[in-house]
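Below you'll find the structure, written out as structure tokens, and then a few comments.
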Amino acid sequence: MVIENLIEDWPAYTKWHLDYIKDVAGDRTVPLYDDRPVTHEDGFNQAHAKMKMADYIDLLKKEPTTYRIFLYNIMKDVPLLKKDFKFPKIGLRLIKQIPMVFFGGENSRVFMHYDIDWANILHFHFHGKKQVVLFPPDQTENLYKVPHSLITREDIDFDNPDYDKFPVLKKAEGFICELNHGETLYMPEGYWHYMKYVTPGFSMSLRSLPRKPKHLLRAVYNVFIMRHFDGLMRRRKGQAWIDEKNERAISETHKAHGI
């Protein structure tokens with residue numbers, strides 16, 4: 001659900017543009033991620049590069065780049081920004097310690113995934129336009145989920161799916177929306193999401209714990225069991241473990257659908 005007028009009374013609504021972030025956070029070193037496939041050497045949410053925020057914003061404004069900022073707690077480094085927003089009172093018990101920001105350049109993409117903690121998410125967008133593809137949890141069986149992970153097959157182009165290679169995607173029922181500056185996306189717990197920055201921009205997410213007990217149990221499993229098991233198998237089997245999981249994403253999905 002896209003909410004258009006939720007944050008018009010925030011100082012961030014008028015202040016939060018790339019140049020402002022460069023002014024207040026330009027000297028901070030930020031973690032960067034790109035769209036390279038996952039390998040066994042990658043740690044959980046391990047950054048691919050680092051750069052000064054000022055240099056990164058200059059890059060965003062200069063040319064398209066695959067480098068993104070993902071899950072960065074900018075408020076910890078720049079507490080001044082906390083004065084620019086409020087926690088909306090819309091029936092969610094939002095966690096106040098971890099407002100996270102995300103930045104991306106023109107046409108950069110965030111792979112299809114769901115969040116490890118099955119949180120309810122309010123996603124506020126600033127400076128530019130972003131496209132979001134969403135699927136509810138009951139569509140997982142149609143998305144070629146990679147076992148022991150939070151992602152689908154990374155070679156699926158959700159802008160232009162290859163239905164010959166991934167025929168079950170035809171059965172997936174989801175939503176597409178666009179976010180402009182100052183608009184808010186509500187993502188219920190466990191929703192799959194793929195995001196593309198149509199123009200350079202950035203977003204902030206606030207989250208609350210899952211309300212459904214079964215979703216809370218899945219979050220606990222993801223954080224304390226699945227994540228560590230996957231890390232162990234990467235260390236033991238190396239790239240063969242990643243390749244095996246990707247193959248199983250196809251074979252298990254097709255088997256479930258009688259293909």
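The values are calculated or read from the model by the stated rules, or taken from the named source; none is laboratory data. These numbers come from a predicted model, not from an experiment. Using ideal geometry, Cβ is built from the backbone for each residue, glycine included, and neighbour counts are taken over all protein chains shown.
Do we find that Glu183 is surrounded by fewer than 19 Cβ atoms within 10 Å (Cβ to Cβ) and of a type in the set (Asp, Glu) in this structure? No. Within segment 132-148, being in a loop (DSSP other than H, G, I, E, B) and surrounded by fewer than 21 Cβ atoms within 10 Å (Cβ to Cβ) holds for Pro136, Pro147, His148.
Considering only segment 198-236, state which residues are surrounded by fewer than 14 Cβ atoms within 10 Å (Cβ to Cβ), charged (D, E, K, R) and either in a helix (DSSP H, G or I) or in contact with a Pro (Cβ under 9 Å, 6 or more places away or on another chain) (or both). Those that are surrounded by fewer than 14 Cβ atoms within 10 Å (Cβ to Cβ), charged (D, E, K, R) and either in a helix (DSSP H, G or I) or in contact with a Pro (Cβ under 9 Å, 6 or more places away or on another chain) (or both): Lys214, Arg235, Arg236. Is it the case that His193 is surrounded by fewer than 19 Cβ atoms within 10 Å (Cβ to Cβ) and either over 17 Å from the mean Cα position of the chain (by Cα) or closer than 30 Å to Asp58 by Cα (or both)? No.
Pairing each residue of segment 148-171 that is more than 19 Å from Leu134 (Cβ to Cβ) and touching a residue at least 40 places away in the same chain (Cβ under 8 Å) with any residue that is of a type in the set (Asp, Glu) and surrounded by 12 or more Cβ atoms within 10 Å (Cβ to Cβ), provided the two are 6+ apart or on different chains, yields C-beta distances under 9 Å for His148/Asp230. Among the conditions (1) out of contact with any Leu (no Cβ under 9 Å at 6 or more places or on another chain); (2) assigned to a strand (DSSP E or B), Ile7 misses just one, which is (2). Each residue in segment 79-121 was checked for being surrounded by 21 or more Cβ atoms within 10 Å (Cβ to Cβ) and without any contact (Cβ under 8 Å) to a residue 24 or more places away in the chain, and 0 of them qualify. Of all residues in segment 196-210, those that are closer than 16 Å to Asp19 by Cα have Cβ atoms under 9 Å from Cβ atoms of residues that are surrounded by fewer than 23 Cβ atoms within 10 Å (Cβ to Cβ) and among the charged types (D, E, K, R), 6 or more apart or on another chain, in Thr199/Glu106; Thr199/Lys129; Pro200/Lys61; Pro200/Glu106; Gly201/Lys129.
Table: residues versus (1) more than 30 Å from Gly231 (Cα to Cα); (2) among the charged types (D, E, K, R); (3) in a loop (DSSP other than H, G, I, E, B); (4) out of contact with any Phe, Trp or Tyr (no Cβ under 8 Å at 6 or more places or on another chain).
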residue: Ala12; (1), (2), (3), (4): yes, no, no, no
residue: Ile21; (1), (2), (3), (4): yes, no, no, no
residue: Asp35; (1), (2), (3), (4): no, yes, yes, no
residue: Lys76; (1), (2), (3), (4): no, yes, no, yes
residue: Lys86; (1), (2), (3), (4): yes, yes, yes, no
residue: Gly91; (1), (2), (3), (4): yes, no, yes, yes
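Look at (1) more than 19 Å from Pro11 (Cα to Cα); (2) in contact with a helix residue (DSSP H, G or I) (Cβ under 9 Å, 6 or more places away or on another chain); (3) in a loop (DSSP other than H, G, I, E, B) and you find that Gly128 fails only one, number (1). Only a single item in (1) under 15 Å from the mean Cα position of the chain (by Cα); (2) over 28 Å from Trp10 (Cβ atoms); (3) part of a loop (DSSP other than H, G, I, E, B) is not met by Met112, and it is number (3).
Report whether or not Pro188 is within 29 Å of Ile259 (Cα to Cα) and surrounded by fewer than 19 Cβ atoms within 10 Å (Cβ to Cβ). So Pro188 does not fit the description; no. The test for being at pLDDT 95 or above, among the β-branched types (Val, Ile, Thr) and surrounded by 13 or more Cβ atoms within 10 Å (Cβ to Cβ) holds for Ile156. The lone criterion from (1) within 24 Å of Pro213 (Cβ to Cβ); (2) crowded, with 21+ Cβ neighbours inside 10 Å left unmet by Phe166 is number (1).
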